[in-house]
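Q: Here it is: the structure, laid out below.
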Amino acid sequence: MEEPVYAKIIDGDIIFYFTKGNTQKELFEHFKKELVKMKSFFNIGDSFYVYFEDGSQHNLLNSVIKFAKTLDLNVAGAYFGKLPEGKVGNKELNLSSTQIYRKHLRSGQVVQNPGDIIIFGNVNQGAEVNAGGSIIIFGKVYGTLRAGITLKKNVFIIAYELNSPLVEIAGIPFFNHEWPKSPVSIRIEENKALVEPVEL
């Protein structure tokens, strides 16, 4: 069952989704719990967006802004009823099912999550990261990465520096690939895996 309020990253923007079929009181209570739970993900002064699937819930926005300010956070903008075209079908992470690690992974360590994984650290040789969703690594990767192990196609891998002998995305493997000497993105398009340099 879908949560009444959940968060995603879409093209680098954090968006809290407020779903239909709930009272404003229920939505606000769920939002507060979700934001407090995710507070360690934010820095002071960070911003996020909100999306109300039911546009008639727009008067909840003021309460959301006030509560965000109590946590030193800001609301950058709001969407009602329908997301803009640029926010539909693009790279996205469901933050409600994301595991975040703020440490290096040593040889022999295996990190697994049915959702997405974000790592602030290096993945050393002999370590392994397996995600049902997407993977973002703010560090160097010498170990094994597997994203989309449930064969989801709308997943991606982003790494600050990739030196891995094995990377797999949605069942498509890369063995001893010559990776760009820069931050790199791997995504699926028309059943092919595309490797592209990115700016981080």
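The values are calculated or read from the model by the stated rules, or taken from the named source; none is laboratory data. Owing to the predicted nature of the structure, the values given are computational and were not obtained by experimental measurement. Reconstructed Cβ throughout: ideal geometry from the backbone, glycine too, with neighbour counts over all protein chains shown. Keep in mind that these areas ignore ligands, DNA and RNA; they rest on the heavy atoms of the full protein, side chains included. Shrake-Rupley method; radii C 1.70, N 1.55, O 1.52, S 1.80 Å.
Q: With the requirement that a residue be among the aromatic types (Phe, Trp, Tyr), over 19 Å from the mean Cα position of the chain (by Cα) and not in a strand (DSSP E or B), what does segment 1-56 give you?
A: 28
Q: Among the candidates 162, 166, which residue alone is in contact with a Pro (Cβ under 7 Å, 6 or more places away or on another chain), among the hydrophobic types (A, V, I, L, M, F, W, C) and at pLDDT 90 or above?
A: Every option except 166 fails the conditions.
Q: So in segment 152-200, with the set limited to residues that are outside any strand (DSSP E or B) and basic (Lys, Arg), which one is nearest to residue 142 (Cα to Cα)?
A: Here the answer is 181.
Q: Ok, one more. Kindly indicate the residue of segment 18-55 that is farther than 18 Å from residue 74 by Cβ and touching a Phe, Trp or Tyr at 6+ places or on another chain (Cβ under 6 Å) and also most open to solvent (accessible area, probe 1.4 Å) among those meeting that condition.
A: Taking segment 18-55 and keeping what is farther than 18 Å from residue 74 by Cβ, we get 19-27, 29-30, 33, 37, 53-55.
Pick out the ones that are also touching a Phe, Trp or Tyr at 6+ places or on another chain (Cβ under 6 Å) and you get 27, 55.
Details: 27: 0, 55: 30 Å².
Only one residue tops the list, namely 55.
Q: Now a separate question. When the residues of segment 136-157 are filtered to those that are among the aliphatic types (A, V, I, L, M) and on the phi < 0 side of the Ramachandran plot, which remaining residue is most open to solvent (accessible area, probe 1.4 Å)? Give the steps one after another, and end with the answer.
A: Step one: list which residues in segment 136-157 are among the aliphatic types (A, V, I, L, M), which gives 136-137, 141, 145, 147, 149, 151, 155, 157.
Of the ones still in play, those that are also on the phi < 0 side of the Ramachandran plot are 136-137, 141, 145, 147, 149, 155, 157.
Details: 136: 22, 137: 0, 141: 0, 145: 0, 147: 2, 149: 84, 155: 6, 157: 1 Å².
Per the criteria, the residue is 149.
Q: Residues of segment 178-200 being in contact with a strand residue (DSSP E or B) (Cβ under 8 Å, 6 or more places away or on another chain), free of Cβ contacts under 8 Å to residues at least 40 places away in the same chain and either open to solvent by less than 50 Å² (accessible area, probe 1.4 Å) or under 14 Å from residue 167 (Cβ atoms) (or both), which ones?
A: Across segment 178-200, the qualifying residues are 179, 180, 182, 183, 184, 185, 186, 193, 194, 195, 196.
Q: Condition first: open to solvent by 10 Å² or more (accessible area, probe 1.4 Å), in a loop (DSSP other than H, G, I, E, B), over 22 Å from residue 197 (Cβ atoms) and at pLDDT 90 or above. Now tell me which residues in segment 112-135 satisfy that.
A: 124, 125, 126
Q: I've got another one for you. In segment 56-75, how many are of a type outside the set (S, T, N, Q) and open to solvent by 60 Å² or more (accessible area, probe 1.4 Å)? It would help to see each step written out before you state the result.
A: Here is the first cut: in segment 56-75, the residues of a type outside the set (S, T, N, Q) are 58, 60-61, 64-69, 71-73, 75.
Subsequent filtering for residues that are open to solvent by 60 Å² or more (accessible area, probe 1.4 Å) retains 58, 66, 69, 72.
Matching residues across segment 56-75 total 4.
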